[in-house]
Amino acid sequence: MQPSELIWMNGEFVKWEDAQVHVLSHALHYGTSVFEGVRCYDTELGPAVFRHQEHVDRLFKSAGLYYMPIPFEREEIRQATLELIARNGLRQCYIRPIAFRGYGQMGLFPLDAPVDVTIAAWEWASYLGEDGKRNGVRAKTSSWRRISPDSLIPHAKAGGQYLNSVLAKIEVHKSGYDEAILLDSHGHVCEGSGENIFVVRDGKISTPSETSSILDGINRRTAVKIAADFGIEVVERNISRAELYLADEIFLTGTAAEVVPVREIDDHVVATGEPGPLTRQVQSIFEDAVHGRDERYRGWLDPVHAGERAAAGETTSA
Ligand code: PPE
């Protein structure tokens, strides 16, 4: 990874290499952490964080679901993130806020352990590669099922839950594929190891609904809105594994991955093997939106230098 200079840790900026935790931190043993993946893009408004408030809100939602009080206000986390990007001199980066049960208490009862919060930001290229974004990735259905709401809370973005994604990712990687698709406990298509999934057939776009065990992805919502704006209502429904093999197009969405076409699934080529027109359309509008080139979506950008620009007499809204 590409280190930057500073990390925000419990209210202070510390050097990247000094952002350390104790080996007896609760989260290290029991996965008691909640986190976010957020991206900042180089836009016409300067560096700007994409759908920042939604990510902050989801962080607090995840924390609440695991009875973890975050000892900061949402606005403090948002401002700390903007300042972190500015102080690191980053124009575009991936941002990882995490709240975790820290050092001081062992055993499964976590409520007496302190809650630490850190935010890191560094340059991170598209998760599944530039080539993946352009030409599509090869995906495989994992034999591991996505965690079910019988045991955990799929809608929370919690550290321990990611062992599920890690198993799926390792399994398909060892078989030579780029990404894993997980089915839910009922056998319906659920999502990728770190992305939501969309399936196109006969001009219709479908995606698993929130009642399946998906993480309610912010980029999933973005793709749904973009498609609606060009006249296609995304249908939320159960999708069977076999439908993946009949699809005209499949694509994935996620903060780290962005919008990525799937060109092969379980050794079946998706249509011609070329990313399809609806995938391309969502992808290109998404790229315009995150880079501030589409006026309609300017409201999704939280400019890092808004305060400074306002002071200089510039306006930030379109
Ligand atoms: N499902 C899962 C399981 C998931 O981890 C992510 C994000 C999504 C769906 C898409 O959510 P959203 O980013 O809000 O559109 N995965 C994050 C972590 C990836 C990682 O490898 O770390 C991310 O993309 O930041």
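Return a yes/no flag: does segment 23-43 have any residue that is within 16 Å of the ligand (Cβ to nearest atom) and either surrounded by fewer than 14 Cβ atoms within 10 Å (Cβ to Cβ) or polar (S, T, N, Q) (or both). Yes, segment 23-43 contains at least one residue that is within 16 Å of the ligand (Cβ to nearest atom) and either surrounded by fewer than 14 Cβ atoms within 10 Å (Cβ to Cβ) or polar (S, T, N, Q) (or both).
Checking each residue in segment 191-203 for being outside any loop (DSSP other than H, G, I, E, B), in contact with a Phe, Trp or Tyr (Cβ under 9 Å, 6 or more places away or on another chain) and within 14 Å of the ligand (Cβ to nearest atom) picks out 197, 198.
For segment 143-158, residues that are closer than 20 Å to residue 253 by Cα and either open to solvent by less than 30 Å² (accessible area, probe 1.4 Å) or not in a loop (DSSP other than H, G, I, E, B) (or both) total 6. Considering only residues in segment 204-243 that are open to solvent by 40 Å² or more (accessible area, probe 1.4 Å) and of a type in the set (Ser, Thr, Tyr), the one that is nearest to the ligand (Cβ to nearest atom) turns out to be 211.
Contact annotation: residue pairs with Cβ atoms under 6 Å, 6 or more positions apart or on different chains, pairing a residue in segment 217-236 that is assigned by TED's automatic domain parsing to the domain that holds residue 197 with a partner that is surrounded by fewer than 15 Cβ atoms within 10 Å (Cβ to Cβ) and of a type in the set (Ser, Thr, Tyr), are 236/209. Candidates in segment 247-261 are the residues that are more than 15 Å from the ligand (Cβ to nearest atom) and in a loop (DSSP other than H, G, I, E, B); of these, the one that is farthest from residue 214 (Cα to Cα) is 248.
Listed here are the residues, each with its yes/no results for (1) in contact with a Leu (Cβ under 7 Å, 6 or more places away or on another chain); (2) assigned by TED's automatic domain parsing to the domain that holds residue 183; (3) surrounded by fewer than 14 Cβ atoms within 10 Å (Cβ to Cβ); (4) modelled with pLDDT under 95.
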site: 248; (1), (2), (3), (4): no, yes, no, no
site: 257; (1), (2), (3), (4): yes, yes, no, no
site: 303; (1), (2), (3), (4): yes, no, no, no
site: 307; (1), (2), (3), (4): no, no, no, yes
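Of everything listed in (1) β-branched (Val, Ile, Thr); (2) farther than 26 Å from residue 149 by Cα; (3) touching a Cys at 6+ places or on another chain (Cβ under 7 Å), the single unmet condition for residue 232 is (3).
This table checks each residue for (1) closer than 18 Å to residue 156 by Cα; (2) without any contact (Cβ under 8 Å) to a residue 12 or more places away in the chain; (3) more than 16 Å from the ligand (Cβ to nearest atom).
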residue	(1), (2), (3)
57	yes, no, no
60	yes, no, no
70	yes, no, yes
75	no, yes, yes
86	no, no, yes
91	no, no, yes
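Of 133, 169, 140, all but one fail to be part of a helix (DSSP H, G or I), open to solvent by less than 60 Å² (accessible area, probe 1.4 Å) and either of a type in the set (Val, Ile, Thr) or touching a residue at least 40 places away in the same chain (Cβ under 8 Å) (or both); the exception is 133. Among all residues of segment 186-203, there is none that is at pLDDT below 95, out of contact with any Leu (no Cβ under 6 Å at 6 or more places or on another chain) and open to solvent by less than 20 Å² (accessible area, probe 1.4 Å).
The values are calculated or read from the model by the stated rules, or taken from the named source; none is laboratory data. In this text the structure is predicted, and so the values were computed from the model without any measurement. Virtual Cβ from ideal backbone geometry, glycine too; neighbours counted across all protein chains shown. Note: accessible area is taken over every heavy atom of the protein model, side chains too, but ligands, DNA and RNA are not part of it. Shrake-Rupley method; radii C 1.70, N 1.55, O 1.52, S 1.80 Å.
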